[in-house]
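Notes follow the structure.
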Amino acid sequence: MKIVVIGGTGLIGSKLVAKLKQQGHDAVAASPKSGVNAVTGEGLAAALAGADVVVDVANAPSWEPAAVLEFFERSSRNLAATEAAAAVKHHVALSIVGTDRSPDIAYFRAKLAQETIIKASAVPYSIVRATQFFEFLGAIGEAGAAGDKIVVPSALFQPIAADDVVDCLAEIATGRPLNGTIDIAGPEKAPFNEFVARRQKASGDSRTVVGDPKAQYYGASIQDTSLNPLGEARLGKTPLATWLARL
């Protein structure tokens, strides 16, 4: 099976390409680094020729509200048109849990616009919404740095290991299209600050991590329900302790 991974050189994409190749598939990493640009359309038709499945895990280079919206709208429209012309049988997209519940976060608004375009396309699809990755806990903490403290939201959080996201994407990509959306999350749920504190401690960072219900997440206030699955979800197998032990 030929599977083209848009954003195939990034964190998730590179892991997914490697896993699919291990499974015996013809997995192609498509990104601007390989001469394929979904936003401009450069190299897209050639990359998708003969493809059975396209998995879009691309990330926007800028999270500025107008720029991130343009990125996901243009890339999604180009992919939809090119996939239809190439008779691609299945489009898989990685999105975010809660993207439809956090309109104050520009990135989430852009991902929701991406989902809308995918659903309107003629190509059968599957949308996988994931919670935040363990790999980004350090950066999330740094965003809340304030002197000798790190201040982050105290709302509930359920992050997931990137490897578990990849396992799910590989399963979905090689299966039948869902023509729907699934949520995936980590196996543990706890206040935001607890996850960040454990990550900081494991890396030898002695700053105090403080949970503040008024602290914002990418410029928006969040609640216990903002970033977590509200209904049925597939849970990853990797607990935070196991992931931290690999650092």
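In this label model, Ala46 and Val210 are separated by 5.5 nm, measuring between points 7 Å along each Cα→Cβ vector. Fewest neighbouring Cβ atoms within 10 Å first, the residues Lys189, Lys33 line up as Lys33, Lys189.
Which FRET efficiency, nearest 0.05, do Glu142 and Gln223 yield, Cβ-Cβ r, R0 30 Å? Working shown, then result.
Values: r = 23 Å, r/R0 = 0.77.
Once the sixth-power term is evaluated, E becomes 0.85.
Secondary-structure-derived ellipticity at 222 nm for the chain, considering helices only, amounts to -11000 deg cm²/dmol, per-run term -39500 (n - 2.57) for DSSP H runs with n ≥ 4.
Using the Karplus relation 6.51 cos²θ - 1.76 cosθ + 1.60 with θ = phi - 60°, the per-residue 3J(HN,Hα) values for region 93-100 come to 10, 8, 10, 10, 4, x, 4, 8 Hz, with x marking Gly and Pro. Take the Cβ-Cβ distance between Ala87 and Lys33 as r, set R0 to 30 Å, and report the resulting FRET efficiency rounded to the nearest 0.05. Efficiency, rounded to the nearest 0.05: 0.70. Using the alpha-carbon positions of the chain, Rg (one decimal) and Dmax (whole number) come out as 18.1, 55 Å.
In percent, rounded to a whole number, the relative contact order of region 1-66 is 43, using alpha-carbon pairs under 8 Å and six or more apart.
The distance linking region 174-197 with region 107-131 is 16 Å (Cα centroid to Cα centroid, whole angstrom).
The alpha-carbon of Lys89 sits under 20 angstrom from the alpha-carbons of these lysines, leaving out residues fewer than 8 places away in its chain: Lys2, Lys21, Lys119.
Of the peptides 166-179, 47-60, the order by per-residue mean of other Cβ atoms within 10 Å, starting with the highest, comes out as 47-60, 166-179.
Figure the gain on full extension for Ala245 and Ala190 (residue separation times 0.36 nm, minus the Cα-Cα span) and round it to one decimal in nm. List each step's numbers first, then the result.
Numbers: separation 55, 0.36 × 55 = 19.80 nm, distance 1.90 nm.
Answer, rounded to one decimal: 17.9 nm.
Rounded to whole Å, give me the distance from the Cα center of region 1-71 to that of region 86-103. With region 1-71 and region 86-103 each reduced to a Cα centre, they are spaced 14 Å.
The distance between label points at Asn59 and Asp104 comes to 2.4 nm (points 7 Å beyond Cα on the Cα→Cβ vector).
Just so you know, all these numbers are worked out from the coordinates, no wet-lab data involved. Note that the structure is predicted; figures quoted are calculated from it, not measured. Here the Cβ is made from the backbone with ideal geometry for all residues, glycine too, and neighbour counts use every protein chain on show.
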